[in-house]
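Data block below; observations after.
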Amino acid sequence: MFVILGPAGSIKQLKKMGYKTFDMVINHSYDNIKDNTLRWDAAMREAERLIVHEHLHSMYAESKADIRHNQELFLRSKSNRLNSLLHKVIQ
């Protein structure tokens, strides 16, 4: 599970790439805020809410399948990038 402190639309982009963003647990409304300072403040409030949430362990347990999905997707794309790079180097 994660809160991104990045440009507006970062969560939206991850979704387009096929990643699960744990919307059932995390309020990603901060992702739509254009102003950097306001987005930062909203993301930090959400991160703080998650840290003190009394059911954090159960939220993690409910999210394990999505965590595994994200890990596999990342490793697949990493493997594809490395293979492409190796192919370019070998030629």
So for the chain, what percent of the C-alpha to C-alpha distances run longer than 22 Å? 41 percent
Could you give me the ³J(HN,Hα) list for segment 45-55, computed from phi with Karplus coefficients 6.51, -1.76, 1.60 and θ = phi - 60°, whole Hz, x at Gly and Pro? 4, 5, 4, 4, 4, 5, 4, 8, 5, 5, 10
What relative contact order, as a whole-number percentage, does segment 10-90 give when Cα pairs under 8 Å and 6 or more residues apart are counted? 31 percent
Anchor K64: lysines whose Cα lies under 24 Å away (excluding residues fewer than 8 positions away in-chain): K12, K15, K16, K20, K78
Farthest positive-ward along segment 10-90 dipole, Cα basis, beta-carbon charges - from H57, S84, Q71: S84
For segment 1-74, run through the trypsin sites (Lys or Arg not before Pro) and keep only the ones in DSSP coil with at most 13 other Cβ atoms within 10 Å of their Cβ. K34
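Here, each number is a calculation from the coordinates, and none is a lab measurement. In this text, all values refer to a predicted model and were calculated from it rather than measured experimentally. A quick note on method: Cβ atoms are made from the backbone with ideal geometry, for glycine too, and the neighbour counts reach across all protein chains shown.
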